[in-house]
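Encoded as structure tokens, the structure appears first; notes follow it.
The values are calculated or read from the model by the stated rules, or taken from the named source; none is laboratory data. In this text the structure is predicted, and so the values were computed from the model without any measurement. Cβ: placed from backbone, ideal geometry, glycine included. Neighbour counts: every protein chain shown. The accessibility values were calculated without ligands, DNA or RNA, using every heavy atom of the protein model including side chains. Shrake-Rupley method; radii C 1.70, N 1.55, O 1.52, S 1.80 Å.
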Amino acid sequence: AKADGRNCARFFDPSMQDAADRRAAFEAAMRDGLSLGQFRLYCQPQFDSLGRVVGAEVLVRWQRGDRELIGPDQFIGFAEESGLILPLGEHILRESCRALARWHLDANLGRLKLAVNVSVHQMRDPRFPAAVANILGGTGAPPERLYLELTESVFAEDMQEITGRMHELCSQGIRFSLDDFGTGYSSLAYLKRFPLSALKIDRSFVRDIGVDAGAASIVEAIIALARKFKLEIVAEGVEFEAQRAFLFDGGCSSMQGFLLGRPMPIADFEHAYGTAGIG
Ligand code: C2E
Ligand code: CA
Ligand code: CA
Ligand code: CA
């Protein structure tokens, strides 16, 4: 079947050749970007119900050239397909831990948690726990401030393998959050089986608070569930005062969103929320 005319025609299809070229060029550009330090950490602040900053989420941006700033939705998927997510993820984690070590010396920043998104491809890598130990040791970051955010896609993996790896990482002192909760393969059984410290309520539920009664009920149910399992709860995508009020009245412990603070370059974050800043 491989040699039939159709496949040959497809193989030599010039538009496919273009697509392959484009992928190769993108991959080369990402590799160059990695070695040039073009993947920059942005931080979005997280607040408690009294309006105090309690942490930040790291969101990566690709500063490709002077003017072009590329968001993660444009390259994380590609990085996962090409395998570049492993060196990219390690770069992000190392820079995050360097930040935590710096923050440790500052009275304000030293209290903050830092959440870092981790791809399922990183969790599949048996060398990941050793790489994390190496980064923690090398930077001197306090591990208890570091939260790794996993999406429910990890639940589609070999459960023993993933929970084993999570336990290895937890024994180093770091914690896990379950990101985008309620949007994927969620099952209540996973909340018990995996060593989790926090749940993040997905933006899609927050968006629909006040729009449809169902979303508000789902949010209330998630908060109740998190409390039963003694998990911290972080709401994301808070854009309106009414959403903020509903979430805090309902017992949500912290939140992030454009209402409270946008993702910003990490240096700006440190200036805004460190003792040297106004915040
Ligand atoms: P996420 O982890 O769900 O991150 C939250 C996304 O919501 C971010 O988009 C953030 O900028 C955006 N956001 C925050 N507050 C609001 C709000 O009030 N309203 C709205 N509409 N959006 C808000 P971003 O930075 O484009 O990141 C997109 C996704 O890319 C992230 O979704 C995460 O899955 C992935 N990502 C980002 N950084 C990394 C990383 O370092 N590693 C990996 N593996 N994935 C990353
Ligand atoms: Ca996240
Ligand atoms: Ca999220
Ligand atoms: Ca989300």
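Can you give me the long-range amide H partners of Glu232? Hydrogens built in the peptide plane at 1.01 Å from N, cutoff under 5 Å, separation of 5 or more residues or another chain.
Ala198, Leu199
Using bins 10 angstrom wide from zero, how does P(r) for region 69-198 break down, in % of all Cα pairs?
Calculated over all Cα pairs of region 69-198, the distribution is 12, 43, 35, 10, 0 percent.
Could you please state how large a percent of the accessible area of the chain is carbon and sulfur, counting protein chains only and using a 1.4 Å probe?
Roughly 52 percent of what the probe reaches on the chain is carbon or sulfur.
Report the longest stretch of the chain that contains none of the chymotrypsin sites (Phe, Trp or Tyr not before Pro) sitting in a DSSP loop with at most 16 other Cβ atoms within 10 Å.
My reading of the result: 13-184 is the longest stretch.
About the Cα centre of the chain, what is the dipole size in debye to 20, counting +1 per Lys and Arg Cβ and -1 per Asp and Glu Cβ, all else neutral?
Taking the Cα centre of the chain as origin, the dipole is about 560 debye.
State in Å² the accessible area per residue of the chain; use a 1.4 Å probe, count heavy atoms of protein chains only, and round to the nearest integer.
51
Count the lysine pairs in the chain whose Cα atoms sit under 25 Å apart, keeping only pairs 8 or more residues apart in sequence or on different chains.
Lysine pairs, 8 or more places apart or on different chains, close enough: 9.
Express in whole angstrom the spacing between the alpha-carbon centres of region 28-54 and region 225-279.
16
Mind checking Rg over Rh on the chain, alpha carbons, Kirkwood formula for Rh?
Reported Rg/Rh, Kirkwood definition of Rh: 1.01.
For the chain, build the charge dipole from Cβ charges (+1 Lys, Arg; -1 Asp, Glu) around the Cα centre, then report which of Leu178, Ala245, Pro195 sits farthest towards its positive end.
Value: Pro195.
Charges at C-beta only: +1 for Lys and Arg, -1 for Asp and Glu. How large is the resulting dipole of region 99-169 about its Cα centre, in Debye rounded to 20?
Dipole about the Cα centre, nearest 20: 360 debye.
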